[in-house]
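What follows is a set of notes on a single structure, which appears directly below.
The values are calculated or read from the model by the stated rules, or taken from the named source; none is laboratory data. Only a predicted model underlies this, so the values are computations on that prediction, with no experimental measurement involved. So basically every Cβ, Gly included, is an ideal-geometry build from the backbone, and we count neighbours across all protein chains shown.
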Amino acid sequence: MSTFLDDGRAVSRSMRLARAADPRSWPLALRVVMVTTLLALVALLTVGAYLSSVIADGLYEQRRDRVLEDTLEVRGDLSETLSEVSGATSTQQQDAVNAFVQTAGGQGGGDRREVVLIPVETSGTLLPVASSDGSLFNEIDDELSAAVGEQPDSLSWRSIGREDAAGRTHPALLVGTRVIVPGGGSYDLYLVYSLEEEQESLAFVQRVILGGGTVLLALIVGIAIVVARMVTTPLKRAAHAAERLAAGDLTSRVEVEGGDELARVGDSFNEMARNLEQKVADLTELSHVQQRFVSDVSHELRTPLTTIRMASSVLDARSQDLPGELRRTTELLSAQVQRFEVLLADLLEISRFDAGAAELEASRQDIDALVERALEDVRPLASDRGCALDLHLAGDDVVAIVDARRIDRILRNLLTNAIEHGAGHPVLVQTASDADSVAVVVQDHGHGISPEAAQRVFDRFWRADPSRARTLGGTGLGLSISAEDARLHDGWLQAWGREGEGAVFRLTIPRRPGAVLSRSPLLLERPFDGSAAAAAVSSTPTGEIRVGPGLLPDLDGTAEDPPAGPEDTGGER
C-alpha cells in the first residue's frame with residue numbers, strides 16, 4: 001500500500017506541476033500582461049534591429065563616398081608630385097615621395113588615413129616602396145592587387161579590421177588604385193581610412209534605441225497591467241459571486257459599475273441569480289407543502305386504517321363460517337390492509353427523513369448475527385419461491401456501532417428483492433470487513449438490471465419493469481428507505497447488475513458513525529457465472545478476478561471506491 005500511496009503522491013505532484021506549467025491555467029491578468037509584453041518586446045527588437053541596420057548602412061555609405069572622393073584627390077596630388085620630380089635625381093625623387101606619403105597619411109581628424117605606395121614592374125624609373133605604416137602590407141592581398149591592376153583608372157575597396165595600440169579591433173576601409181606617370185612608371189596607391197568614428201556613432205545610436213526601447217517596454221507593461229485590471233476586476237467579481245452562488249448563497253450578486261459590456265454581463269448575472277433564487281424558493285416551498293401533505297395524510301389515515309384493520313380482523317377470525325366467495329374476499333381484504341399498513345409505515349418513515357427527524361439509536365452489533373437473523377426472517381419466503389440462500393460469513397471481527405433496527409430493515413429489503421427477482425435461482429449473501437468498515441453483498445441471478453437502471457433503482461416508486469406484477473405487495477419505497485438508513489450511518493448502499501444475468505447490492509458502513517469511507521471490503525462489480533464461486537478482490541471498483549467453479553472462498557481483501565458512492569435515495573427495483 002505504501003508503494004501505491006507513494007506512486008499516487010508522485011502522480012499527484014506531477015499533475016500539479018503540469019497544470020502549473022500550462023499557461024492556460026494562469027490568471028487571465030498575468031496572461032494578458034505576458035502576451036502583451038512578449039509581443040511588444042518582439043516588435044521593439046524588430047524595429048530596433050531595422051533602424052540599427054538602416055543607420056549602419058547610411059553611415060557606411062556616407063563615409064565610403066567621402067573616402068572615394070578623397071582617394072581621387074590623393075591620386076591626383078601624387079600624380080602631380082611624381083610629374084614634378086620626374087627630371088630630378090633619384091634621391092630627390094625618393095625624398096619627395098616619402099614626404100608626400102607621410103603628409104598624405106595624416107593622423108587624427110575625420111579623414112585619418114594611412115598610405116602605401118608600391119611600384120609596378122613596367123618601363124621607366126621606379127622608386128622604392130614607401131609607406132606611412134608598415135603593417136598595412138599585411139592587409140593587401142593578391143585579390144585586391146589583381147583588381148587594382150585590371151582596372152587602372154578605377155578604384156577598388158573593401159572593409160577590413162585594424163587593431164589599435166590597446167589591441168582593440170576597429171573597422172576600416174582599404175582603397176586601392178593605380179597611378180601612371182608618363183615617363184616615370186606606374187605605382188599602386190593604397191589608402192586605409194579608419195571607420196572608428198562611424199562605429200562609435202552607430203554604438204551611440206544603438207544605445208539610444210536600446211534605452212528608448214526599454215523605457216517604451218516598461219510603459220507598455222504598465223499600460224497592459226492597467227488594462228488587464230480594468231478587464232479582470234469585473235470578471236473576478238462575477239467569478240466570486242458565481243462561487244458563492246454555487247456554494248448555496250442565493251443572495252450573491254455582482255457589483256455593477258458603468259454601462260459597458262462587462263456591466264451588462266454583471267446585470268445579466270444578477271438577473272439570473274434573482275430568477276434562480278425565486279425558482280429555488282418556489283421549489284422549496286412546494287417541497288415543504290408536499291412533505292406536509294404526505295405527513296398529514298399519513299397521520300390522518302392511521303385512524304380509519306385502524307378501524308378497517310379491526311373490522312378485517314373480525315372478518316378474518318370468522319372466515320371459516322363464511323361462504324366461499326366471501327371467504328376469498330375476506331382474505332383479499334386482509335392482505336390489502338396489511339399492504340396498506342406497510343405503505344403507511346413507509347410514508348411515515350419517508351416523512352421523518354424529509355423532515356430531518358430520523359436519528360440513530362446506535363449500539364455495538366455483530367453484523368454477521370444481524371445477517372443471520374434477517375435470513376431467518378425471509379427463509380419461509382425463500383422456501384415458497386424455491387430459492388436457495390448461499391451464506392458466506394466473514395466470521396471474525398465484523399463488529400460495528402450501528403442502529404440494529406435500521407440495518408435489519410436494509411437487509412430484509414435487499415433479501416426480499418433478491419428473492420422476488422431471483423427467478424428461483426440461488427441468492428448469494430456475503431460479509432467482509434477491514435480496519436475501517438464492514439460490508440454485506442446480496443447477489444441474485446435473476447432478471448437483472450442494466451447499469452442505467454442501477455443508477456435509478458433507489459429512486460422513490462421507481463420500477464425497472466413497470467409491467468411486472470408485484471407478487472409480494474411492495475410499496476416502491478423499500479430501497480429508498482434503505483438508502484436513507486445507510487446514509488444515516490455515513491455508509492453506502494450501491495447497486496450493479498446485468499440484464500438477464502442478475503443484480504448485486506452492496507451495503508458498506510463504517511465501524512463508527514461519522515467516519516469517512518474511501519473503500520469497501522467487498523467488490524461490487526462481479527461475474528454472474530451461475531455458481532456460488534464468483535467473487536474477487538480488486539484494487540479498483542471496476543476490477544474483477546474470476547474464480548473457477550466451487551465453493552466461494554472467504555474474502556479478506558478490499559475493493560476501492562470513490563468517496564461519493566451512489567447512495568441516492570430511491571425505491572424498489
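Only one of 199, 206 is in contact with a strand residue (DSSP E or B) (Cβ under 6 Å, 6 or more places away or on another chain) and either at pLDDT 90 or above or in a helix (DSSP H, G or I) (or both). Can you tell me which?
199
Would you say residue 77 is within 18 Å of residue 180 (Cβ to Cβ), in contact (Cβ under 8 Å) with a residue 24 or more places away in the chain and either in contact with a His (Cβ under 6 Å, 6 or more places away or on another chain) or among the acidic types (Asp, Glu) (or both)?
Yes: the conditions hold for residue 77.
Please verify whether region 443-458 includes one or more residues that are in contact (Cβ under 8 Å) with a residue 24 or more places away in the chain, under 18 Å from residue 495 (Cβ atoms), among the hydroxyl-bearing types (Ser, Thr, Tyr) and buried (at least 17 other Cβ atoms within 10 Å of the Cβ).
no
Would you confirm whether any residue within region 286-293 is more than 30 Å from residue 244 (Cα to Cα), out of contact with any strand residue (DSSP E or B) (no Cβ under 6 Å at 6 or more places or on another chain) and loosely packed, with under 13 Cβ neighbours inside 10 Å?
yes
Filter region 83-113 for residues that are touching a Lys or Arg at 6+ places or on another chain (Cβ under 9 Å) and under 26 Å from residue 149 (Cβ atoms); which is modelled with the lowest pLDDT?
Across region 83-113, the extreme among qualifying residues is 105.
Give the residues of region 445-460 that are closer than 13 Å to residue 498 by Cβ, assigned to a loop (DSSP other than H, G, I, E, B) and not aliphatic (A, V, I, L, M), sorted by residue number.
Of everything in region 445-460, those that are closer than 13 Å to residue 498 by Cβ, assigned to a loop (DSSP other than H, G, I, E, B) and not aliphatic (A, V, I, L, M) turn out to be 445, 446, 447, 448, 450.
Conditions tested, residue by residue: (1) in contact (Cβ under 8 Å) with a residue 12 or more places away in the chain; (2) within 48 Å of the chain's Cα centre (by Cα).
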position	(1), (2)
152	yes, no
171	yes, no
191	yes, no
201	yes, no
211	no, yes
216	yes, yes
219	no, yes
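Return only the number of the condition from (1) surrounded by 12 or more Cβ atoms within 10 Å (Cβ to Cβ); (2) closer than 30 Å to residue 348 by Cβ; (3) at pLDDT 80 or above that residue 237 does not satisfy.
Every listed condition holds for residue 237 apart from (2).
Given the criteria outside any helix (DSSP H, G or I), hydroxyl-bearing (Ser, Thr, Tyr) and either touching a helix residue (DSSP H, G or I) at 6+ places or on another chain (Cβ under 6 Å) or without any contact (Cβ under 8 Å) to a residue 24 or more places away in the chain (or both), does residue 187 qualify? Even if it seems obvious, please write down each step before you answer.
Numbers: outside any helix (DSSP H, G or I): yes; hydroxyl-bearing (Ser, Thr, Tyr): yes; either touching a helix residue (DSSP H, G or I) at 6+ places or on another chain (Cβ under 6 Å) or without any contact (Cβ under 8 Å) to a residue 24 or more places away in the chain (or both): no.
It is false that residue 187 is outside any helix (DSSP H, G or I), hydroxyl-bearing (Ser, Thr, Tyr) and either touching a helix residue (DSSP H, G or I) at 6+ places or on another chain (Cβ under 6 Å) or without any contact (Cβ under 8 Å) to a residue 24 or more places away in the chain (or both).
Being surrounded by 17 or more Cβ atoms within 10 Å (Cβ to Cβ), modelled with pLDDT of 80 or more, touching a strand residue (DSSP E or B) at 6+ places or on another chain (Cβ under 8 Å) and not in a helix (DSSP H, G or I) narrows it down to one of 74, 116, 67, so name that one.
116
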